[in-house]
Amino acid sequence: AALQRVLVPLLCLWALLLPAGTGAASRGLDVASYRERVRAMFYHAYEHYLESAFPYDELRPLTCDGQDTWGSFSLTLIDALDTLLILGNVSEFQRVVHVLQEGVDFDIDVNASVFETNIRVVGGLLSAHLLSRKAGLEVEAGWPCSGPLLRMAEEAARKLLPAFQTPTGMPYGTVNLLHGVNPGETPVTCTAGIGTFIVEFATLSHLTGDPVFEDVARKALKALWKNRSDIGLVGNHIDVITAKWVAQDAGIGAGVDSYFEYLVKGAILLQDKELMAMFLEYDKAIKNYTKFDDWYLWVQMYKGTVSMPVFQSLEAYWPGLQSLIGDVDNAMRTFLNYYTVWKQFGGLPEFYNIPQGYTVDKREGYPLRPELIESAMYLYRATRDPTLLELGRDAVESIEKISKVDCGFATIKDLRDHRLDNRMESFFLAETVKYLYLLFDPDNFIHNDGSDFDVVVTPYGECVLSAGGYIFNTEAHPIDPAALHCCRKRKEEQWEVEDLMREFYSRKKTKKFTFKRSPDHSEGENAENPEDASSEKAGEKRNSRKSSHSLLSCPSQSFNSKLAVLGQVFLDDT
(Lines give C-alpha, C1' and ligand atoms only; values in the text may rest on other atoms or scores of the structure.)
Protein backbone atom coordinates (compact mmCIF):
# COMPACT_ATOMS: atom_id res chain seq x y z
CA ALA A 1 0.00 0.00 0.00
CA ALA A 2 1.20 3.51 -0.67
CA LEU A 3 2.74 5.03 2.41
CA GLN A 4 1.19 8.42 1.67
CA ARG A 5 -2.38 7.14 2.08
CA VAL A 6 -1.52 5.36 5.29
CA LEU A 7 0.87 7.54 7.21
CA VAL A 8 -0.38 11.06 6.56
CA PRO A 9 -3.85 10.51 8.12
CA LEU A 10 -2.18 9.03 11.20
CA LEU A 11 0.10 11.99 11.63
CA CYS A 12 -2.81 14.36 11.10
CA LEU A 13 -4.82 12.68 13.86
CA TRP A 14 -2.00 12.68 16.38
CA ALA A 15 -0.92 16.22 15.50
CA LEU A 16 -4.05 17.21 17.41
CA LEU A 17 -3.06 15.12 20.39
CA LEU A 18 0.60 16.04 20.68
CA PRO A 19 1.56 17.92 23.83
CA ALA A 20 1.24 21.66 23.75
CA GLY A 21 3.94 22.10 26.37
CA THR A 22 6.84 20.23 27.88
CA GLY A 23 5.77 19.77 31.47
CA ALA A 24 5.20 16.18 32.54
CA ALA A 25 4.32 15.91 36.19
CA SER A 26 2.32 18.74 37.70
CA ARG A 27 2.06 20.36 41.07
CA GLY A 28 4.10 17.61 42.69
CA LEU A 29 2.00 14.75 41.32
CA ASP A 30 4.16 11.63 40.97
CA VAL A 31 3.03 10.31 37.60
CA ALA A 32 5.18 7.17 37.72
CA SER A 33 3.85 6.27 41.17
CA TYR A 34 0.24 6.55 40.04
CA ARG A 35 1.00 4.57 36.92
CA GLU A 36 2.25 1.71 39.09
CA ARG A 37 -0.80 1.96 41.32
CA VAL A 38 -3.01 1.62 38.26
CA ARG A 39 -1.01 -1.42 37.21
CA ALA A 40 -1.57 -2.94 40.65
CA MET A 41 -5.30 -2.20 40.37
CA PHE A 42 -5.44 -4.09 37.10
CA TYR A 43 -3.74 -7.19 38.46
CA HIS A 44 -5.78 -7.22 41.66
CA ALA A 45 -8.94 -7.36 39.55
CA TYR A 46 -7.59 -9.54 36.75
CA GLU A 47 -6.03 -12.23 38.92
CA HIS A 48 -9.15 -12.56 41.04
CA TYR A 49 -11.24 -12.90 37.88
CA LEU A 50 -9.00 -15.77 36.77
CA GLU A 51 -9.04 -17.42 40.21
CA SER A 52 -12.70 -16.98 41.08
CA ALA A 53 -14.76 -16.28 37.95
CA PHE A 54 -13.19 -17.67 34.78
CA PRO A 55 -14.68 -18.97 32.43
CA TYR A 56 -17.76 -16.91 33.32
CA ASP A 57 -18.19 -13.48 31.73
CA GLU A 58 -17.67 -11.40 34.87
CA LEU A 59 -16.38 -11.49 38.41
CA ARG A 60 -18.73 -11.07 41.37
CA PRO A 61 -16.23 -9.50 43.78
CA LEU A 62 -18.27 -9.61 46.99
CA THR A 63 -18.89 -13.36 46.81
CA CYS A 64 -15.70 -14.25 44.93
CA ASP A 65 -17.42 -16.13 42.11
CA GLY A 66 -18.52 -15.52 38.55
CA GLN A 67 -21.58 -14.96 36.37
CA ASP A 68 -22.47 -14.86 32.70
CA THR A 69 -23.92 -11.52 31.67
CA TRP A 70 -23.54 -10.86 27.95
CA GLY A 71 -23.46 -14.29 26.32
CA SER A 72 -21.04 -16.70 28.02
CA PHE A 73 -17.90 -15.66 26.12
CA SER A 74 -15.43 -15.38 29.04
CA LEU A 75 -16.03 -11.73 28.33
CA THR A 76 -13.65 -10.21 30.88
CA LEU A 77 -10.79 -12.18 29.34
CA ILE A 78 -11.53 -10.85 25.85
CA ASP A 79 -12.08 -7.32 27.13
CA ALA A 80 -8.83 -7.31 29.14
CA LEU A 81 -6.61 -8.79 26.43
CA ASP A 82 -5.27 -5.62 24.78
CA THR A 83 -4.92 -3.98 28.21
CA LEU A 84 -2.38 -6.69 29.04
CA LEU A 85 -0.22 -5.61 26.12
CA ILE A 86 -0.58 -1.91 26.93
CA LEU A 87 0.72 -2.77 30.41
CA GLY A 88 3.59 -4.67 28.76
CA ASN A 89 2.60 -8.21 29.73
CA VAL A 90 3.48 -10.04 26.53
CA SER A 91 3.57 -13.55 27.99
CA GLU A 92 0.07 -13.35 29.49
CA PHE A 93 -1.27 -11.85 26.27
CA GLN A 94 0.11 -14.85 24.38
CA ARG A 95 -1.32 -17.32 26.90
CA VAL A 96 -4.78 -15.77 26.81
CA VAL A 97 -4.86 -15.80 23.01
CA HIS A 98 -4.36 -19.57 23.08
CA VAL A 99 -6.99 -19.97 25.81
CA LEU A 100 -9.55 -18.02 23.78
CA GLN A 101 -8.81 -19.93 20.59
CA GLU A 102 -9.42 -23.22 22.36
CA GLY A 103 -12.29 -22.25 24.65
CA VAL A 104 -14.61 -19.69 23.04
CA ASP A 105 -17.52 -20.96 20.96
CA PHE A 106 -20.05 -18.67 19.27
CA ASP A 107 -22.23 -21.49 17.98
CA ILE A 108 -24.39 -21.51 21.10
CA ASP A 109 -28.08 -21.12 21.89
CA VAL A 110 -27.77 -17.77 23.65
CA ASN A 111 -29.65 -14.50 23.23
CA ALA A 112 -26.96 -11.84 22.95
CA SER A 113 -26.97 -8.06 22.76
CA VAL A 114 -25.96 -7.08 19.23
CA PHE A 115 -24.40 -3.85 20.50
CA GLU A 116 -22.46 -5.34 23.42
CA THR A 117 -21.24 -8.34 21.46
CA ASN A 118 -19.92 -6.03 18.77
CA ILE A 119 -18.08 -3.53 20.95
CA ARG A 120 -16.71 -6.03 23.49
CA VAL A 121 -16.21 -9.29 21.60
CA VAL A 122 -15.74 -8.29 17.95
CA GLY A 123 -13.83 -5.15 18.93
CA GLY A 124 -11.68 -6.95 21.48
CA LEU A 125 -10.76 -9.76 19.09
CA LEU A 126 -9.97 -7.35 16.23
CA SER A 127 -7.73 -5.26 18.44
CA ALA A 128 -5.90 -8.31 19.77
CA HIS A 129 -5.50 -9.63 16.22
CA LEU A 130 -3.89 -6.39 15.05
CA LEU A 131 -1.61 -6.29 18.11
CA SER A 132 -0.54 -9.94 17.82
CA ARG A 133 2.73 -9.25 16.04
CA LYS A 134 3.69 -6.54 18.51
CA ALA A 135 2.95 -9.05 21.30
CA GLY A 136 5.48 -11.47 19.86
CA LEU A 137 3.03 -14.05 18.57
CA GLU A 138 4.04 -15.97 15.49
CA VAL A 139 1.58 -14.70 12.90
CA GLU A 140 0.50 -16.74 9.93
CA ALA A 141 1.35 -15.93 6.33
CA GLY A 142 -0.91 -13.19 5.07
CA TRP A 143 -1.34 -11.45 8.43
CA PRO A 144 -2.98 -8.99 9.12
CA CYS A 145 -5.35 -10.11 6.36
CA SER A 146 -5.72 -13.50 8.05
CA GLY A 147 -5.26 -15.05 11.47
CA PRO A 148 -7.14 -17.04 14.12
CA LEU A 149 -8.32 -14.01 16.08
CA LEU A 150 -9.56 -12.35 12.90
CA ARG A 151 -11.49 -15.50 12.04
CA MET A 152 -13.03 -15.50 15.52
CA ALA A 153 -14.03 -11.84 15.16
CA GLU A 154 -15.57 -12.55 11.77
CA GLU A 155 -17.47 -15.55 13.13
CA ALA A 156 -18.87 -13.47 16.00
CA ALA A 157 -19.85 -10.64 13.64
CA ARG A 158 -21.61 -13.01 11.23
CA LYS A 159 -23.76 -14.18 14.14
CA LEU A 160 -24.96 -10.58 14.41
CA LEU A 161 -25.83 -10.04 10.75
CA PRO A 162 -29.39 -11.48 10.94
CA ALA A 163 -30.27 -8.56 13.25
CA PHE A 164 -29.75 -6.14 10.33
CA GLN A 165 -32.32 -7.83 8.10
CA THR A 166 -35.05 -5.24 8.64
CA PRO A 167 -36.95 -2.97 6.20
CA THR A 168 -34.98 0.04 7.43
CA GLY A 169 -31.56 -1.58 7.73
CA MET A 170 -31.52 -0.65 11.41
CA PRO A 171 -30.74 -3.74 13.54
CA TYR A 172 -32.71 -5.44 16.26
CA GLY A 173 -31.14 -5.09 19.70
CA THR A 174 -30.90 -8.81 20.45
CA VAL A 175 -30.07 -11.87 18.36
CA ASN A 176 -29.87 -15.58 19.16
CA LEU A 177 -26.41 -16.75 18.19
CA LEU A 178 -27.72 -20.10 16.99
CA HIS A 179 -31.14 -19.29 15.51
CA GLY A 180 -30.99 -15.60 14.56
CA VAL A 181 -33.64 -13.09 15.60
CA ASN A 182 -36.36 -14.61 17.75
CA PRO A 183 -39.87 -14.30 16.23
CA GLY A 184 -41.18 -12.28 19.17
CA GLU A 185 -38.17 -9.97 19.45
CA THR A 186 -39.03 -6.33 20.15
CA PRO A 187 -38.33 -4.00 17.21
CA VAL A 188 -37.46 -1.11 19.51
CA THR A 189 -33.73 -0.38 19.67
CA CYS A 190 -31.78 2.50 21.14
CA THR A 191 -29.99 4.89 18.82
CA ALA A 192 -26.53 3.83 19.98
CA GLY A 193 -27.50 0.20 19.39
CA ILE A 194 -28.05 1.09 15.73
CA GLY A 195 -25.18 3.49 15.06
CA THR A 196 -22.24 1.80 16.83
CA PHE A 197 -20.87 -0.64 14.25
CA ILE A 198 -18.87 1.26 11.63
CA VAL A 199 -15.51 1.04 13.44
CA GLU A 200 -15.54 -2.73 13.96
CA PHE A 201 -17.50 -3.70 10.86
CA ALA A 202 -15.51 -1.50 8.45
CA THR A 203 -12.30 -2.90 9.92
CA LEU A 204 -13.61 -6.43 9.34
CA SER A 205 -14.56 -5.65 5.76
CA HIS A 206 -11.18 -4.13 4.97
CA LEU A 207 -9.26 -7.02 6.53
CA THR A 208 -11.38 -9.88 5.17
CA GLY A 209 -12.39 -8.39 1.84
CA ASP A 210 -16.08 -9.04 2.54
CA PRO A 211 -17.99 -5.74 2.15
CA VAL A 212 -21.15 -6.98 3.89
CA PHE A 213 -20.07 -5.78 7.33
CA GLU A 214 -19.27 -2.21 6.34
CA ASP A 215 -22.34 -2.11 4.11
CA VAL A 216 -24.81 -2.95 6.90
CA ALA A 217 -23.09 -0.57 9.32
CA ARG A 218 -23.29 2.30 6.82
CA LYS A 219 -26.91 1.56 5.98
CA ALA A 220 -27.82 1.71 9.68
CA LEU A 221 -25.96 5.00 10.14
CA LYS A 222 -27.70 6.56 7.16
CA ALA A 223 -31.11 5.35 8.34
CA LEU A 224 -30.68 7.26 11.59
CA TRP A 225 -29.51 10.32 9.67
CA LYS A 226 -32.53 10.11 7.37
CA ASN A 227 -34.91 9.97 10.34
CA ARG A 228 -33.50 12.92 12.32
CA SER A 229 -35.99 15.64 13.21
CA ASP A 230 -36.48 18.87 11.31
CA ILE A 231 -34.32 20.66 13.89
CA GLY A 232 -31.51 18.13 13.38
CA LEU A 233 -31.84 15.91 16.47
CA VAL A 234 -32.32 12.18 17.01
CA GLY A 235 -34.28 10.54 19.78
CA ASN A 236 -33.36 7.78 22.17
CA HIS A 237 -35.24 4.70 20.90
CA ILE A 238 -36.70 3.89 17.48
CA ASP A 239 -38.77 1.10 15.94
CA VAL A 240 -36.44 -0.58 13.43
CA ILE A 241 -39.38 -1.85 11.36
CA THR A 242 -41.41 1.35 11.00
CA ALA A 243 -38.67 3.96 11.70
CA LYS A 244 -40.98 5.65 14.21
CA TRP A 245 -39.34 7.24 17.24
CA VAL A 246 -40.56 5.59 20.43
CA ALA A 247 -38.51 7.66 22.89
CA GLN A 248 -38.13 11.27 21.70
CA ASP A 249 -35.62 12.59 24.22
CA ALA A 250 -32.55 14.00 22.46
CA GLY A 251 -29.18 14.35 24.16
CA ILE A 252 -25.60 13.10 24.11
CA GLY A 253 -25.85 10.44 26.84
CA ALA A 254 -27.27 6.98 27.44
CA GLY A 255 -28.93 5.38 24.45
CA VAL A 256 -27.41 7.85 21.97
CA ASP A 257 -23.78 8.45 22.99
CA SER A 258 -21.69 6.10 20.85
CA TYR A 259 -23.66 6.93 17.68
CA PHE A 260 -22.07 10.39 17.71
CA GLU A 261 -18.74 8.90 18.79
CA TYR A 262 -18.69 6.53 15.81
CA LEU A 263 -19.49 9.24 13.28
CA VAL A 264 -16.28 10.99 14.34
CA LYS A 265 -14.14 7.90 14.78
CA GLY A 266 -15.50 6.33 11.61
CA ALA A 267 -14.65 9.51 9.73
CA ILE A 268 -11.07 9.45 11.03
CA LEU A 269 -10.61 5.71 10.56
CA LEU A 270 -11.97 5.69 7.01
CA GLN A 271 -11.02 9.28 6.04
CA ASP A 272 -14.73 9.71 5.29
CA LYS A 273 -15.89 13.30 4.78
CA GLU A 274 -19.55 12.30 4.69
CA LEU A 275 -19.48 10.84 8.20
CA MET A 276 -17.70 13.91 9.54
CA ALA A 277 -20.19 16.22 7.83
CA MET A 278 -23.03 14.31 9.47
CA PHE A 279 -21.47 14.73 12.89
CA LEU A 280 -20.79 18.43 12.41
CA GLU A 281 -24.45 18.99 11.51
CA TYR A 282 -25.51 17.14 14.63
CA ASP A 283 -23.00 19.14 16.64
CA LYS A 284 -24.63 22.41 15.54
CA ALA A 285 -28.07 21.17 16.59
CA ILE A 286 -26.74 19.85 19.90
CA LYS A 287 -25.16 23.20 20.71
CA ASN A 288 -28.26 25.11 19.62
CA TYR A 289 -30.81 23.10 21.60
CA THR A 290 -29.15 21.11 24.39
CA LYS A 291 -26.16 23.14 25.58
CA PHE A 292 -26.57 25.44 28.58
CA ASP A 293 -23.58 26.94 30.41
CA ASP A 294 -21.30 24.17 29.14
CA TRP A 295 -23.71 21.47 30.35
CA TYR A 296 -25.75 19.35 27.95
CA LEU A 297 -29.39 18.71 28.84
CA TRP A 298 -32.05 16.43 27.36
CA VAL A 299 -34.63 18.02 25.08
CA GLN A 300 -37.65 16.98 23.01
CA MET A 301 -36.25 16.04 19.60
CA TYR A 302 -38.92 17.84 17.54
CA LYS A 303 -39.38 21.00 19.63
CA GLY A 304 -36.07 21.48 21.42
CA THR A 305 -37.79 22.06 24.78
CA VAL A 306 -35.98 20.77 27.87
CA SER A 307 -37.29 17.39 29.02
CA MET A 308 -34.63 16.38 31.58
CA PRO A 309 -32.17 18.87 33.13
CA VAL A 310 -29.78 16.08 34.10
CA PHE A 311 -26.17 15.13 33.48
CA GLN A 312 -25.60 11.42 32.96
CA SER A 313 -22.23 9.85 33.69
CA LEU A 314 -22.17 8.31 30.21
CA GLU A 315 -22.08 11.83 28.76
CA ALA A 316 -18.56 12.35 30.10
CA TYR A 317 -17.08 10.95 26.88
CA TRP A 318 -18.13 14.16 25.09
CA PRO A 319 -15.10 16.36 25.96
CA GLY A 320 -12.80 13.64 24.62
CA LEU A 321 -14.80 13.49 21.41
CA GLN A 322 -14.67 17.29 21.10
CA SER A 323 -10.89 17.13 21.39
CA LEU A 324 -10.76 14.79 18.37
CA ILE A 325 -12.35 17.45 16.18
CA GLY A 326 -10.14 20.20 17.62
CA ASP A 327 -12.76 21.87 19.81
CA VAL A 328 -10.45 21.82 22.83
CA ASP A 329 -11.61 25.02 24.58
CA ASN A 330 -15.24 23.92 24.72
CA ALA A 331 -14.11 20.44 25.71
CA MET A 332 -12.15 21.74 28.70
CA ARG A 333 -15.01 23.88 29.96
CA THR A 334 -17.44 20.97 29.86
CA PHE A 335 -14.86 18.64 31.39
CA LEU A 336 -14.40 20.97 34.34
CA ASN A 337 -18.16 20.95 34.94
CA TYR A 338 -18.13 17.17 35.07
CA TYR A 339 -15.04 17.14 37.28
CA THR A 340 -16.89 19.22 39.90
CA VAL A 341 -19.45 16.42 40.14
CA TRP A 342 -16.68 13.87 40.64
CA LYS A 343 -15.18 15.97 43.42
CA GLN A 344 -18.59 16.23 45.08
CA PHE A 345 -19.13 12.46 45.28
CA GLY A 346 -15.81 10.72 44.60
CA GLY A 347 -17.28 9.38 41.36
CA LEU A 348 -19.91 10.20 38.77
CA PRO A 349 -23.46 9.18 39.70
CA GLU A 350 -25.45 7.72 36.83
CA PHE A 351 -27.78 10.76 36.87
CA TYR A 352 -27.06 14.19 38.35
CA ASN A 353 -29.76 16.87 38.57
CA ILE A 354 -28.02 20.02 37.39
CA PRO A 355 -30.36 22.68 38.88
CA GLN A 356 -30.49 20.90 42.26
CA GLY A 357 -26.80 19.95 42.26
CA TYR A 358 -27.46 16.44 43.54
CA THR A 359 -28.09 12.84 42.50
CA VAL A 360 -31.36 11.58 41.02
CA ASP A 361 -33.38 9.02 42.96
CA LYS A 362 -32.38 5.43 42.12
CA ARG A 363 -29.56 6.68 39.92
CA GLU A 364 -26.95 7.26 42.63
CA GLY A 365 -24.57 4.48 41.62
CA TYR A 366 -21.16 4.48 39.96
CA PRO A 367 -20.28 1.17 38.22
CA LEU A 368 -16.63 2.27 37.76
CA ARG A 369 -17.33 3.80 34.37
CA PRO A 370 -14.41 5.13 32.27
CA GLU A 371 -15.88 8.09 30.37
CA LEU A 372 -14.51 11.01 32.39
CA ILE A 373 -11.09 9.35 32.58
CA GLU A 374 -11.24 8.74 28.83
CA SER A 375 -11.83 12.45 28.23
CA ALA A 376 -9.00 13.32 30.60
CA MET A 377 -6.62 11.10 28.64
CA TYR A 378 -7.51 12.69 25.29
CA LEU A 379 -7.41 16.23 26.65
CA TYR A 380 -4.12 15.71 28.43
CA ARG A 381 -2.57 14.60 25.15
CA ALA A 382 -3.87 17.81 23.59
CA THR A 383 -3.15 20.34 26.33
CA ARG A 384 -0.88 18.95 29.07
CA ASP A 385 -3.16 20.75 31.51
CA PRO A 386 -2.21 19.44 35.00
CA THR A 387 -5.86 19.47 36.08
CA LEU A 388 -6.35 16.39 33.93
CA LEU A 389 -3.68 14.45 35.80
CA GLU A 390 -5.39 15.49 39.02
CA LEU A 391 -8.61 13.86 37.85
CA GLY A 392 -6.61 10.69 37.27
CA ARG A 393 -5.16 10.94 40.74
CA ASP A 394 -8.62 11.46 42.26
CA ALA A 395 -10.00 8.49 40.32
CA VAL A 396 -7.27 6.17 41.61
CA GLU A 397 -7.76 7.34 45.18
CA SER A 398 -11.57 7.07 45.05
CA ILE A 399 -11.70 3.66 43.40
CA GLU A 400 -9.12 2.20 45.75
CA LYS A 401 -10.75 3.67 48.85
CA ILE A 402 -14.41 2.96 48.06
CA SER A 403 -14.50 0.06 45.60
CA LYS A 404 -11.58 -2.23 46.40
CA VAL A 405 -12.48 -5.50 48.11
CA ASP A 406 -10.61 -8.74 48.70
CA CYS A 407 -11.66 -10.28 45.37
CA GLY A 408 -11.43 -7.28 43.06
CA PHE A 409 -13.27 -3.97 42.64
CA ALA A 410 -17.02 -3.72 43.19
CA THR A 411 -19.58 -1.48 41.56
CA ILE A 412 -20.54 1.40 43.86
CA LYS A 413 -24.28 1.05 44.37
CA ASP A 414 -24.70 4.44 46.03
CA LEU A 415 -22.11 7.23 46.04
CA ARG A 416 -23.79 8.90 49.00
CA ASP A 417 -23.06 6.13 51.51
CA HIS A 418 -20.58 4.01 49.50
CA ARG A 419 -22.67 0.84 49.54
CA LEU A 420 -21.34 -1.71 47.04
CA ASP A 421 -22.93 -4.04 44.53
CA ASN A 422 -21.72 -7.55 43.72
CA ARG A 423 -20.51 -6.89 40.18
CA MET A 424 -17.31 -5.93 38.38
CA GLU A 425 -18.18 -5.15 34.78
CA SER A 426 -15.68 -6.19 32.13
CA PHE A 427 -15.26 -2.57 31.00
CA PHE A 428 -13.41 -1.85 34.23
CA LEU A 429 -10.39 -3.73 32.85
CA ALA A 430 -11.05 -2.88 29.20
CA GLU A 431 -11.56 0.85 29.62
CA THR A 432 -11.29 2.40 33.08
CA VAL A 433 -7.92 0.94 34.00
CA LYS A 434 -6.60 1.28 30.45
CA TYR A 435 -7.40 4.98 30.15
CA LEU A 436 -5.99 5.64 33.61
CA TYR A 437 -2.77 3.87 32.69
CA LEU A 438 -2.45 5.72 29.39
CA LEU A 439 -3.05 9.03 31.16
CA PHE A 440 -0.04 8.30 33.38
CA ASP A 441 2.13 6.67 30.70
CA PRO A 442 3.11 9.28 28.09
CA ASP A 443 5.64 6.95 26.44
CA ASN A 444 3.26 4.07 25.80
CA PHE A 445 3.32 2.68 22.25
CA ILE A 446 -0.33 3.72 21.90
CA HIS A 447 0.84 7.35 21.97
CA ASN A 448 3.24 6.83 19.05
CA ASP A 449 3.34 10.01 16.96
CA GLY A 450 4.30 8.28 13.72
CA SER A 451 8.06 8.49 14.22
CA ASP A 452 8.25 4.71 14.64
CA PHE A 453 6.48 2.09 12.55
CA ASP A 454 6.79 -1.38 11.04
CA VAL A 455 6.68 -2.41 7.41
CA VAL A 456 5.27 -5.86 6.75
CA VAL A 457 4.70 -7.77 3.53
CA THR A 458 1.22 -9.02 2.71
CA PRO A 459 -0.10 -10.78 -0.40
CA TYR A 460 -1.14 -7.30 -1.54
CA GLY A 461 2.24 -5.65 -1.15
CA GLU A 462 4.04 -3.69 1.56
CA CYS A 463 2.04 -2.46 4.51
CA VAL A 464 2.80 0.08 7.23
CA LEU A 465 1.64 -0.81 10.75
CA SER A 466 2.09 0.40 14.34
CA ALA A 467 2.60 4.03 13.31
CA GLY A 468 0.18 5.34 15.95
CA GLY A 469 -3.11 7.12 15.50
CA TYR A 470 -4.97 4.22 17.07
CA ILE A 471 -8.74 4.56 17.03
CA PHE A 472 -10.35 3.34 20.24
CA ASN A 473 -13.71 1.71 19.79
CA THR A 474 -16.31 2.56 22.42
CA GLU A 475 -15.01 -0.26 24.63
CA ALA A 476 -11.46 1.20 24.42
CA HIS A 477 -10.14 -1.49 22.07
CA PRO A 478 -7.48 0.21 19.90
CA ILE A 479 -7.68 -0.31 16.13
CA ASP A 480 -4.61 0.42 14.02
CA PRO A 481 -6.02 2.45 11.09
CA ALA A 482 -3.03 1.63 8.90
CA ALA A 483 -4.15 -2.02 8.86
CA LEU A 484 -7.20 -1.10 6.82
CA HIS A 485 -4.89 -0.37 3.88
CA CYS A 486 -3.08 -3.71 4.05
CA CYS A 487 -5.51 -6.14 2.53
CA ARG A 488 -6.49 -4.74 -0.85
CA LYS A 489 -4.59 -2.89 -3.52
CA ARG A 490 -6.42 0.18 -4.66
CA LYS A 491 -5.79 1.67 -8.08
CA GLU A 492 -5.13 5.12 -6.70
CA GLU A 493 -2.47 3.68 -4.38
CA GLN A 494 -0.80 2.06 -7.39
CA TRP A 495 -0.81 5.44 -9.14
CA GLU A 496 0.80 7.13 -6.16
CA VAL A 497 3.62 4.60 -6.07
CA GLU A 498 4.13 4.95 -9.83
CA ASP A 499 4.21 8.75 -9.51
CA LEU A 500 6.85 8.41 -6.82
CA MET A 501 8.97 6.13 -8.95
CA ARG A 502 8.78 8.57 -11.86
CA GLU A 503 9.89 11.40 -9.59
CA PHE A 504 12.79 9.29 -8.37
CA TYR A 505 13.91 8.63 -11.94
CA SER A 506 13.78 12.30 -12.83
CA ARG A 507 15.84 13.16 -9.76
CA LYS A 508 18.42 10.47 -10.58
CA LYS A 509 19.50 12.51 -13.56
CA THR A 510 20.70 15.29 -11.24
CA LYS A 511 20.81 13.80 -7.74
CA LYS A 512 21.92 10.76 -5.87
CA PHE A 513 19.34 9.05 -3.66
CA THR A 514 18.98 5.97 -1.53
CA PHE A 515 15.86 4.12 -0.48
CA LYS A 516 16.02 2.85 3.06
CA ARG A 517 14.11 -0.26 4.05
CA SER A 518 13.30 -1.46 7.53
CA PRO A 519 16.05 -3.70 8.95
CA ASP A 520 13.75 -6.73 9.02
CA HIS A 521 12.39 -6.15 5.52
CA SER A 522 13.71 -8.30 2.70
CA GLU A 523 15.32 -6.50 -0.24
CA GLY A 524 13.05 -6.41 -3.25
CA GLU A 525 12.57 -4.32 -6.34
CA ASN A 526 14.10 -0.88 -6.10
CA ALA A 527 12.33 0.89 -8.94
CA GLU A 528 14.73 -0.45 -11.57
CA ASN A 529 11.98 -1.38 -14.04
CA PRO A 530 11.18 1.22 -16.72
CA GLU A 531 7.83 2.99 -16.62
CA ASP A 532 5.25 1.76 -19.07
CA ALA A 533 2.84 3.83 -21.12
CA SER A 534 -0.27 2.69 -19.25
CA SER A 535 1.15 3.82 -15.90
CA GLU A 536 2.00 7.20 -17.37
CA LYS A 537 -1.52 7.63 -18.75
CA ALA A 538 -3.06 6.57 -15.45
CA GLY A 539 -1.00 9.13 -13.60
CA GLU A 540 -1.92 11.84 -16.08
CA LYS A 541 -5.60 10.96 -15.80
CA ARG A 542 -5.49 11.13 -12.03
CA ASN A 543 -3.58 14.42 -12.03
CA SER A 544 -6.11 15.95 -14.41
CA ARG A 545 -8.95 15.49 -11.92
CA LYS A 546 -7.38 16.71 -8.72
CA SER A 547 -10.00 17.56 -6.11
CA SER A 548 -10.00 20.37 -3.60
CA HIS A 549 -8.07 19.96 -0.33
CA SER A 550 -9.80 17.50 2.02
CA LEU A 551 -10.85 18.68 5.47
CA LEU A 552 -9.58 15.35 6.79
CA SER A 553 -6.08 15.68 5.35
CA CYS A 554 -2.95 17.56 6.29
CA PRO A 555 -1.79 20.39 4.01
CA SER A 556 -0.45 19.26 0.64
CA GLN A 557 3.16 18.17 0.51
CA SER A 558 5.13 16.23 -2.08
CA PHE A 559 5.01 12.48 -1.56
CA ASN A 560 8.76 11.95 -1.28
CA SER A 561 8.98 14.81 1.24
CA LYS A 562 6.46 13.08 3.46
CA LEU A 563 8.49 9.89 3.27
CA ALA A 564 11.70 11.77 3.95
CA VAL A 565 10.25 13.21 7.14
CA LEU A 566 9.56 9.65 8.26
CA GLY A 567 13.09 8.51 7.52
CA GLN A 568 12.25 6.45 4.46
CA VAL A 569 13.74 8.53 1.66
CA PHE A 570 17.01 10.43 1.85
CA LEU A 571 18.04 12.84 -0.89
CA ASP A 572 21.75 13.55 -1.12
CA ASP A 573 22.55 16.90 -2.75
CA THR A 574 26.30 16.48 -2.40
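The values are calculated or read from the model by the stated rules, or taken from the named source; none is laboratory data. Every value quoted in this text rests on a predicted model; they were computed, and no experiment measured them. Cβ: placed from backbone, ideal geometry, glycine included. Neighbour counts: every protein chain shown. Accessible surface areas use protein heavy atoms only, side chains included; no ligands, DNA or RNA. Shrake-Rupley method; radii C 1.70, N 1.55, O 1.52, S 1.80 Å.
Could you give the length gained by full extension between N353 and L50, i.e. 0.36 nm per residue of separation minus their alpha carbon distance, to one decimal place? Don't jump to the answer; show the numbers that get you there.
Working: separation 303, 0.36 × 303 = 109.08 nm, distance 3.87 nm.
Stretched fully, the N353-L50 segment lengthens by 105.2 nm.
The Cβ shell under 14 Å around E397 holds other residues with a net charge of +1, Lys and Arg each +1, Asp and Glu each -1.
So what's the net charge close to G173: Lys and Arg +1, Asp and Glu -1, counting the other residues with Cβ under 13 Å from its Cβ? So the surrounding residues net to -3. Modelled this way, with points 7 Å down the Cα-to-C-beta line, the labels at K244 and E397 are 5.3 nm from one another. For D79, the shell of other residues with beta-carbons less than 10 Å away shows a net charge of -4, using +1 for Lys and Arg and -1 for Asp and Glu.
Computed extension length for D452-F292: 53.3 nm, one decimal, from 0.36 nm per residue of separation with the Cα-Cα distance subtracted. At a probe radius of 1.4 angstrom, the accessible area of the stretch 77-178 per residue rounds to 32 square angstrom. Label reach from D329 (point 7 Å along Cα→C-beta): in the stretch 267-306, amide nitrogens under 15 Å belong to 294.
Amide H contacts under 5 Å for T458: C463, restricted to partners 5 or more places along the chain or on a different chain, H placed in the peptide plane at 1.01 Å from N. Taking all protein chains as they are arranged and a probe of 1.4 Å, the heavy atoms of R158 leave approximately 90 Å² accessible to solvent.
Charged side chains reduced to their Cβ positions (Lys and Arg at +1, Asp and Glu at -1) give the stretch 33-90 a dipole of some 300 debye around its Cα centre.
Give the carbon-plus-sulfur fraction of the accessible surface of the stretch 344-429 in %, rounded to a whole number; probe 1.4 Å, heavy atoms of protein chains only. Don't skip to the answer; put the middle values down first.
Working: 1240 of 3040 Å².
Heavy-atom surface of the stretch 344-429 belonging to carbon and sulfur, 1.4 Å probe: 41 percent.
Using C-alpha pairs below 8 Å separated by at least 6 residues, the relative contact order for the stretch 201-317 is 23 percent. A 1.4 Å probe run over the protein chains yields, for the stretch 200-243, 36 Å² of accessible area per residue, whole-number rounding.
Per residue, what accessible area does the stretch 270-324 have, given a 1.4 Å probe and all protein chains present, in Å²? Could you put the intermediate results ahead of the total?
On the way: 2100 Å² over 55 residues.
That works out to 38 Å² for each residue.
Can you pull the percent of the stretch 220-286's accessible area that's carbon plus sulfur, 1.4 Å probe, other chains left in place? In the stretch 220-286, the share of accessible area belonging to carbon and sulfur is 50 percent.
Between R419 and E281, the modelled label-to-label distance comes to 4.7 nm, taking each label 7 Å out from Cα in the direction of the beta carbon.
I'd like the FRET efficiency for T305 and T340, computed as 1/(1 + (r/R0)^6) with the beta carbon distance as r and R0 of 35 Å, rounded to 0.05. Mind dumping the intermediate values first?
Values: r = 26 Å, r/R0 = 0.75.
It comes out at approximately 0.85.
What does the C-alpha gyration tensor say about the overall shape of the stretch 421-464? Classify as rounded when a/c is under 1.5, otherwise prolate if a/b is larger than b/c, or oblate. Oblate, since a/c reaches 1.5 and b/c is not below a/b. Loop-located trypsin sites (Lys or Arg not before Pro) across the stretch 87-151 with a Cβ neighbour count of 15 or fewer within 10 Å are K134, with loop assigned by DSSP. Surface composition of the stretch 431-471: carbon plus sulfur atoms hold 42% of the accessible area, using a 1.4 angstrom probe and ignoring ligands, DNA and RNA.
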